[in-house]
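Below is one structure; the comments refer to it alone.
The values are calculated or read from the model by the stated rules, or taken from the named source; none is laboratory data. Only a predicted model underlies this, so the values are computations on that prediction, with no experimental measurement involved. Here the Cβ positions follow ideal geometry from the backbone for every residue, glycine too, while neighbour counts run over all protein chains shown. We work out accessible area using only protein heavy atoms, side chains counted, and drop any ligands, DNA or RNA first. Shrake-Rupley method; radii C 1.70, N 1.55, O 1.52, S 1.80 Å.
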Amino acid sequence: MKIRLVIFFSLFLKMALCQNLAVTKRSLVKLFKSSIQQESRKTISIGSGTWTICNQDSAFFKSPIIRLYSNKNYFYQLDKCCEFINWTFYRKDLFLQSDSQICNEPASAGVKSKYYQTQITNKNGNTILLIKSREGEEQKFEVIEINKIPLAQNNSTDEIILKRI
């Protein structure tokens, strides 16, 4: 009985604190565009307005569900992840994918980088995100959910949940 009560309370808190946003092409483009924090159109500042994905045990490449977070401090609060994949948007449909790690000294970022272009479509009522690298590599995701998660000190993070297709 106590376990059921704890599960119910946890689900209630998640629903009360998290604000679900509509999953549409427009909302996704708006989120990506709002994350652009580049000082110049001529250079790309890795880490400015980055979408962060936990890549512990190569989860980004193996997991069927991917979670992107707009506030990298979200992971510091959880303290569960050491390795990350970062998407730094420099145009609304272009981003630089880099990797980083924080658990080994010195921390590192941007060792392996690739440029990607996004294409967002609506298909059968689902929002689909297609990313293509300059080398021709493609990955396709269904956008499952977009959430706004409150953090400490009046901060929040946007969360995008993607399902690999």
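The table that follows gives values for the structure above.
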| read-out | value |
| --- | --- |
| Filter result for E159 (open to solvent by 60 Å² or more (accessible area, probe 1.4 Å) and modelled with pLDDT of 90 or more) | no |
| Region 80-104: number of residues that are out of contact with any Lys or Arg (no Cβ under 9 Å at 6 or more places or on another chain), at pLDDT below 90 and open to solvent by 40 Å² or more (accessible area, probe 1.4 Å) | 5 |
| Those residues of region 118-156 which are modelled with pLDDT of 90 or more, more than 19 Å from R67 (Cα to Cα) and not hydroxyl-bearing (S, T, Y), in sequence order | N122, R134, E135, G136, E137 |
| Boolean, G110 is modelled with pLDDT under 90 and closer than 20 Å to C54 by Cα | yes |
| Top-ranked residue of region 105-115 - restricted to ones that are assigned to a strand (DSSP E or B) and free of Cβ contacts under 8 Å to residues at least 24 places away in the same chain, ranked as least open to solvent (accessible area, probe 1.4 Å) | S108 |
| Residues of region 19-51 classified as open to solvent by less than 40 Å² (accessible area, probe 1.4 Å), at pLDDT below 90 and assigned to a strand (DSSP E or B), total | 1 |
| Residues (farther than 20 Å from Q97 by Cβ and more than 13 Å from the chain's Cα centre (by Cα)) located in region 128-165 | P150, L151, A152, Q153, N154, N155, S156 |
| Single match in K80, K72, K123, K114 (criterion: in contact with a Cys (Cβ under 9 Å, 6 or more places away or on another chain) and of a type in the set (D, E, K, R)) | K80 |
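Every residue, every condition in (1) in a loop (DSSP other than H, G, I, E, B); (2) of a type in the set (S, T, Y); (3) closer than 18 Å to K72 by Cα, yes or no:
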residue	(1), (2), (3)
S100	no, yes, yes
I120	no, no, no
T127	no, yes, no
K132	no, no, no
E135	yes, no, no
Q139	no, no, no
I146	no, no, yes
D158	no, no, yes
I161	no, no, yes
